[in-house]
Amino acid sequence: NAGVTQTPKFQVLKTGQSMTLQCAQDMNHEYMSWYRQDPGMGLRLIHYSVGAGITDQGEVPNGYNVSRSTTEDFPLRLLSAAPSQTSVYFCASSSLQSNQPQHFGDGTRLSIL
Amino acid sequence: GNSVTQMEGPVTLSEEAFLTINCTYTATGYPSLFWYVQYPGEGLQLLLKATKADDKGSNKGFEATYRKETTSFHLEKGSVQVSDSAVYFCALSLYNQGGKLIFGQGTELSVKP
């Protein structure tokens with residue numbers, strides 16, 4: 001049971017560098033999302049997708065891009081990293097039924113120097 | 001708008017004490033309600049859920065009852081253990097926004113032996 005797999009687990013970047021955080025799920029879930037978790041601020045939604053080819057912005061989308069070419073994968077791209085993007089990033093997936101829970105990955109701890 | 005408010009932490013208890021973490025919500029329509037738990041260094045896991053008024057969710061000795069009249073979903077446990085030390089998140093989802101979760105800020109619980 002792989003569930004939701006995020007890679008890498010840790011990453012250090014320099015300001016201005018780009019990178020892609022990977023997220024894959026093997027549960028055939030339509031809904032996938034990215035959150036960032038910062039101390040004292042809970043989880044904030046960055047982007048989400050309700051199916052392949054469909055993405056939308058969440059609460060804090062600036063500085064991040066996403067795409068959903070397959071049901072399984074939902075990568076998050078930082079085009080030009082900034083120190084304010086230092087955070088822990090979580091990917092989650094679920095069915096589209098509102099009474100079903102989301103399944104979370106173990107997170108990516110990202111530091112921008 | 002739709003929102004979730006949790007009691008602020010951190011909450012520190014002695015082993016075998018009674019736990020209550022308050023959660024209230026504001027939502028249009030009839031949300032499904034969830035409690036997630038995050039152990040140190042891990043992603044979020046579903047703890048329990050309730051999908052309609054007066055439902056009681058329960059798991060691992062934790063309980064929460066969906067109270068429509070008070071728009072609340074308080075988490076309780078009769079006797080906490082050191083292993084319950086974690087961050088607890090209350091969340092809601094709406095029937096017409098399948099998959100999308102709105103989180104509270106999280107409450108950190110520390111249980112001392």
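The values are calculated or read from the model by the stated rules, or taken from the named source; none is laboratory data. Keep in mind that this is a model prediction, so the values were computed, not measured. FYI the Cβ positions are ideal-geometry reconstructions off the backbone, even for glycines, and counts take in every protein chain you see. These accessible areas exclude ligands, DNA and RNA; they are computed on the full protein's heavy atoms, side chains included. Shrake-Rupley method; radii C 1.70, N 1.55, O 1.52, S 1.80 Å.
A few notes on this one:
- Accessible area expressed per residue, the range A:10-89, with surrounding protein chains retained (probe 1.4 Å, Å²): 47 Å²
- Legend: residue pairs A:LYS9/B:LYS100; A:LYS14/B:LYS100; B:LYS77/B:LYS112; B:LYS49/B:LYS77; A:LYS9/B:LYS112, Cα-Cα distance threshold 21 Å; pairs beyond threshold, A:LYS9/B:LYS100; A:LYS14/B:LYS100; A:LYS9/B:LYS112.
- Charge dipole of chain B (Cα centre as origin; +1 on each Lys and Arg Cβ, -1 on each Asp and Glu Cβ, all else neutral): 340 debye, rounded to the nearest 20.
- The GNM of chain B, with springs linking C-alpha atoms under 10 angstrom apart, assigns the highest mean-square fluctuation among B:PHE62, B:PHE103, B:PHE18 to B:PHE18.
- Under conditions of 37 °C and 0.692 mPa s, the range A:1-53 yields 247 µm² s⁻¹ as its translational diffusion coefficient, taking Rh as the Kirkwood radius over Cα pairs in the Stokes-Einstein equation.
- Ordered from longest to shortest, the equivalent ellipsoid semi-axes for chain B are 24, 14, 12 Å, each the square root of 5 times a Cα gyration tensor eigenvalue.
- Shape index of chain A: Rg/Rh, with Rg the Cα radius of gyration and Rh the Kirkwood radius from the inverse mean 1/r over Cα pairs, equals 0.95.
- Reduction of at least 10 Å² in accessible surface, 1.4 Å probe, comparing all protein chains with the chain by itself, residues of the range B:18-66: B:SER32, B:PHE34, B:TYR36, B:GLN38, B:GLY41, B:GLU42, B:GLY43, B:LEU44, B:LEU46, B:LYS49, B:THR51
- Cα centroid of the range A:68-83 to Cα centroid of the range B:52-86, whole Å: 35 Å
- Our compactness index for the range A:50-112, the C-alpha radius of gyration over the empirical 2.2 N^0.38 Å, is 1.22.
- Taking chain B and dividing mean pair separation by its residue count, relative contact order in percent (alpha carbons under 8 Å, at least six apart): 37 percent
- Two-site FRET efficiency, A:ASN99 against A:ARG77, from Cβ-Cβ distance with R₀ of 35 Å, rounded to 0.05: 0.65
- Given 12 as the ceiling on other Cβ atoms within 10 Å, longest exposed-site-free region of chain A for trypsin sites (Lys or Arg not before Pro) in DSSP loops: A:15-113
- Normalised by the number of residues in the range A:1-110, the mean separation of alpha-carbon contacts (under 8 Å, six or more apart) gives a relative contact order of 34 percent.
- Across the range A:57-92, the residues whose backbone nitrogen lies under 13 Å from the label position 7 Å along the beta-carbon direction of A:THR20 are A:65-70, A:73-79.
- Taking label points 7 Å from Cα along the Cα-to-Cβ direction, B:GLU15 and A:ALA52 give a separation of 5.2 nm.
- 14 Å beta-carbon shell around B:GLU15, net charge (K/R +1, D/E -1): 0
- Contact order, relative form, for the range A:3-67: 22 percent (alpha carbon pairs under 8 Å, 6 or more residues apart, mean separation divided by residue count).
- 15 Å beta-carbon shell around B:GLY29, net charge (K/R +1, D/E -1): +3
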